Amino acid sequence: AIYYKDFFNVKQLSHECFFIANLIEATVVRVEIDNSKLILVSLYRPKTHAVWNDSTQIESFITALGEFLEVLNNYNLPIVCCGDYNLNLFKINDSNSKPAAFLNLFGGFGFINVITKATRIADASKTALDQIFVNDISILRKSGILIDTPSDHFGTFIEIDLKKPKIK
């Protein structure tokens, strides 16, 4: 979900690749604040496909995500892409792993991940499932994890600054 104040100029964007049942579910909005624009994305990768096994579902998700990022890239705006991707980025040691392919896909479009700690801790396992990616690091002020949440996942946050630095 994306929550915003009434005084922001917000327009929901639509494209067929923003929602593919049981594969990718995203809300995408263009936000204008004081003549600066950016795109905010809230994305969820469900793990509920009735026919595909987990491996096939992840491969299909990564393919769909490539098209998704291509569409976003065509807006030529700063993008903040937040989500529960249900891919554990702590398992990227093998360059052939699906989490590594996922991370490389974002990197190929110029995004960097700003969440680097565990976002879910259960029993003896720690996972990094909930990420925030930005394609313009100059807008980042801070990011982090909210540990005290009622969910089994920790909340993630980002604070951005859209003001252009003044050149002297």
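The values are calculated or read from the model by the stated rules, or taken from the named source; none is laboratory data. Worth saying up front: this structure is predicted, and the values here are computed from it rather than measured. Backbone-built Cβ (ideal geometry, glycine too); neighbour counts: all protein chains shown. Just so you know, the surface numbers come from the protein's heavy atoms only, side chains and all, with ligands and any DNA or RNA stripped out. Shrake-Rupley method; radii C 1.70, N 1.55, O 1.52, S 1.80 Å.
In table form, for the structure just shown:
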item: Of residues in the range 132-146 being part of a strand (DSSP E or B) and β-branched (Val, Ile, Thr), the one nearest to Phe102 (Cα to Cα); result: Ile132
item: Those strands (runs of 3 or more DSSP E) lying entirely in the range 1-83 with at least 2 residues open to solvent by 80 Å² or more (accessible area, probe 1.4 Å) and under 26 Å from Ser138 (Cβ atoms); result: 9-13
item: Given (1) under 23 Å from Gly155 (Cβ atoms); (2) open to solvent by 60 Å² or more (accessible area, probe 1.4 Å); (3) assigned to a loop (DSSP other than H, G, I, E, B); (4) not polar (S, T, N, Q), number of the condition Leu87 does not satisfy; result: (2)
item: Within the range 104-115, tally of residues that are within 11 Å of the chain's Cα centre (by Cα) and surrounded by 16 or more Cβ atoms within 10 Å (Cβ to Cβ); result: 5
item: Where Ala118 falls short, out of the listed (1) out of contact with any Phe, Trp or Tyr (no Cβ under 6 Å at 6 or more places or on another chain); (2) among the hydrophobic types (A, V, I, L, M, F, W, C); (3) modelled with pLDDT of 80 or more; (4) under 25 Å from Asn74 (Cα atoms); result: (4)
item: Set Ile39, Ile79, Ile33, Ile62: member being touching a residue at least 12 places away in the same chain (Cβ under 8 Å), farther than 19 Å from Phe133 by Cα and either aliphatic (A, V, I, L, M) or touching a Cys at 6+ places or on another chain (Cβ under 6 Å) (or both); result: Ile33
item: Yes/no for Val41 being of a type in the set (A, V, I, L, M, F, W, C) and in contact with a helix residue (DSSP H, G or I) (Cβ under 8 Å, 6 or more places away or on another chain); result: yes
item: Restricting the range 90-103 to residues that are open to solvent by less than 70 Å² (accessible area, probe 1.4 Å) and part of a loop (DSSP other than H, G, I, E, B), the residue that is nearest to Glu159 (Cα to Cα); result: Ile92
